[in-house]
Amino acid sequence: MLKLSPDLKASVCAQNQLVREDMPSRFASITVISLLSLYYLPFQTVCFFYVAIALIELVGLYVYNKLRRKVTLAGVVIFSLSAFVGILLFNAIPILLFLEPDAFPKLAGAMLLVIALNHSVVARSEWMFFGLLTALPIIFAVGYMIVSFLHSFASPVEIGIAVVILVLGAGYVAHSMRALNKMTDRLRQALSAAEAGSRAKSSFLAAMSHEIRTPLNAICGMAELIDEEDTDPKTKQERSLLLRQSAQALTGILNDVLDHAKVESGHIEINVTAASPQVEITSAVEMFRAPARAKGLQFSLNFSEDLPRYAEFDALRLRQVIGNLVSNAVKFTETGHIKVQVSSQQVDATCVLTVQVSDTGRGIAADQIPHLFAEFYRAVDKNAPTVPGTGLGLSIARRFARMMGGDISVRSVLKAGSCFSFTSQLKILEEPQSPPEFPNAKHVTDNPQALDHDLGVKSILLVDDTQSNRMVVRSFLKKSNVEIIEAEDGAKALKCLEQRPVDLVLLDMKMPIMDGEETLLEMARRGGRIAATPVIMLTANAATEDRQRFLALGALGYIAKPVKKSVLLSEIRSVSAVSHEAKTAL
């Protein structure tokens, strides 16, 4: 049986809708034309054609309702034949007028056919075949009028010229219909894409609302209970841990959303740098060792001997992909082990890095694996506890993997475990004589108290327009014996710097009156002591390009919000040391 393609069905549906919407004005015009024709044509003749056209319109109304429910081959055939017969019946009235001996009815008949032809071009081009089917009878009728009119006085050459002009006109009409058809196709596709985007947006907002509310519920609940005086220390510790875990989950959701937005807009690029693959992979994997052990899982990381010691690759995206795979393994495994095996295969000056993350978790059903890397998709297991997440992690990770010349694949057995394999292209480099320095990698201890006292600075200017942000930083630095001066915008910060020197500036980006970028530029312009004051950007502008931009403007450090105490203290100590070395060198 002949099958209708999706494109054909879409064209038929669009043309059917247009014919239906055009029906009232079309039939009203035919009624007026029939009444005016009575001045020249017999009543019985006009009534016959008018009733026949009315019956065809009723058939068209039946076909419209039929095609609106479902596009079938029978419906398409009836739709096409009814339109063809209808245009033949309509053509009869202009031709009969043209056959009258007087000049005016001849002109009126020709005018009616020109109007009908224009109508076919404009209103019958949603489906190209349908447009041509209704336009060709009109073109032949016009041709008949021209040839019969010229036959009485024109020479055969002149008639031939007229036919050529008629053919050119018919070709132009067909070309116009084709151009209009293509334009409507593009508009239809754009509308379909816009509707799909709207549905995706609604789905995205619904998914994000659920995922954000889950950790937010814990944060709000624990914040409400934090002031209870009769709470024992163990309960307070549990609540504090839940607060931190919920805040970290909320941060993870936000990072996924931002990465997804940047990937969709094409703003993410691969930034390759020279680094040690083993060092970067270890840093990505080891952060999950403690959570795995807390669940009683065995956790191992093994490297093959053929792994290059030094290579060129995007360390940030590599850590992000591996971190996502290991994080999922920890979240979805309740008992057993998690193994991370790293190997490589050298091809000339490059190598293919392979990282396999295997677990003994709940596994994934075979019918769910093909959808695993789709956006917002999450494997469902009604018999297992729900694990929070956005459904974006694997989708983003696979895109990053492919941008790095590799991919992510998965093997899984339900209730037995899974194995995710991540591959990436690395450019092998010779190992430098001295150990490579990684300016972006700073040692962060898990014990913030060890860093509380000796930060290397005695005074800090904290510039942020949000009081809660200033309160968080001030609380983090409470035990550091550092004098903290606060300013709400860049203009007030510059006034403070004019009045007194400070050892360090913690500067927000988005502020009223004068933002962080303007403040950095103004500090550099003023020169002297103000320009020499070290600055750490403390901002919610968390993209990689934002960090590079701020450092290029003169900032010595950068911390993306939300801020961890250990990261803040470590960054202050690091920038303080760099600033002290610079002053000593002078």
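The values are calculated or read from the model by the stated rules, or taken from the named source; none is laboratory data. A quick note: this is a predicted structure, and the numbers were derived from the prediction, not measured. Quick reminder, even Gly has a Cβ in these numbers, built from the backbone with ideal geometry, and neighbours come from all protein chains shown. In case anyone asks, the SASA skips ligands and DNA or RNA and just uses the protein heavy atoms, side chains included. Shrake-Rupley method; radii C 1.70, N 1.55, O 1.52, S 1.80 Å.
Report the extension gain between ILE161 and ALA366 in nm, rounded to one decimal, defined as 0.36 nm multiplied by the number of residues separating them, less their alpha carbon distance.
Between ILE161 and ALA366, full extension yields 66.7 nm more.
With a 1.4 Å probe and every protein chain left in place, tell me how much accessible area GLU545 has, in Å² to the nearest 10.
Solvent-accessible area, nearest 10 Å²: 90 Å².
Taking the simple approach of a point 7 Å from Cα along Cα-to-Cβ for both ALA247 and SER409, what is their distance in nm?
4.3 nm
Compute the distance in nm between two label points, each set 7 Å from the Cα along the Cα-to-Cβ direction, one at MET111 and one at GLN278.
9.3 nm
Report, to the nearest whole %, how much of the accessible area of the range 273-355 belongs to carbon and sulfur atoms, 1.4 Å probe, protein only.
50 percent
Given the protein chains as shown and a 1.4 Å probe, how many square angstrom of ILE161 are accessible, to the nearest 10?
Rounded to the nearest 10, that gives 90 Å².
Once the whole set of protein chains is in place, how much accessible area is left on LYS295, using a 1.4 Å probe, in Å² to the nearest 10?
Accessible surface of LYS295 is approximately 70 Å².
Between ARG402 and LEU168, what FRET efficiency comes out of the Förster formula 1/(1 + (r/R0)^6) with R0 = 60 Å and r the beta carbon distance, rounded to 0.05?
0.70
Is there a pair in LYS339/LYS564; LYS234/LYS561; LYS236/LYS479 whose C-alpha atoms are over 23 Å apart, and which pairs would that be?
LYS339/LYS564; LYS234/LYS561
When the solvent-accessible surface of protein heavy atoms is calculated with a 1.4 angstrom probe, in what order do LEU392, LEU38 fall, highest first? Could you put the intermediate results ahead of the total?
Details: LEU392 0, LEU38 65 Å².
If we order LEU392, LEU38 from most to least accessible, we get LEU38, LEU392.
What is the gain in length, in nm to one decimal, between ASP306 and LEU191 on full extension, counting 0.36 nm per residue of separation less the C-alpha to C-alpha distance?
Difference between extended and current length: 36.1 nm.
Scan the range 7-82 for trypsin sites (Lys or Arg not before Pro) in coil per DSSP, keeping those whose Cβ has at most 10 other Cβ atoms within 10 Å, and list them by number.
Passing sites in the range 7-82 are LYS70.
Taking the dipole about the Cα centre of the range 61-147, with the C-beta of Lys and Arg at +1 and of Asp and Glu at -1, give me whichever of ILE146, LEU107, LEU133 is farthest to the positive side.
With unit charges placed on the Cβ atoms, the residue in question is LEU133.
Using a 1.4 angstrom probe, figure out how much accessible area the range 510-586 has per residue, in square angstrom, rounded to the nearest whole.
Result: 50 Å² of accessible area for each residue.
How high is the FRET efficiency from LEU4 to ARG474, r the C-beta distance, R0 51 Å, rounded to 0.05? Write out the running numbers ahead of the final one.
Working: r = 69 Å, r/R0 = 1.36.
With a Förster radius of 51 Å, E is 0.15.
Report the per residue volume, in Å³, of the convex hull enclosing the C-alpha atoms of the range 99-200.
Working: hull volume 8.9 nm³, N = 102.
Convex hull volume per residue, Cα atoms: 87 Å³.
Quick one: 3J(HN,Hα) in Hz for the range 275-292, Karplus 6.51/-1.76/1.60 with θ = phi - 60°, rounded, Gly and Pro as x.
7, 8, x, 5, 5, 5, 5, 4, 5, 6, 7, 5, 5, 9, 5, 5, x, 5
Pairs of Cα atoms under 8 Å, at least six residues apart: use those to get the relative contact order of the range 1-90, whole percent. Don't skip to the answer; put the middle values down first.
Details: 46 pairs, mean separation 34.7, N = 90.
Across the range 1-90, relative contact order equals 39 percent.
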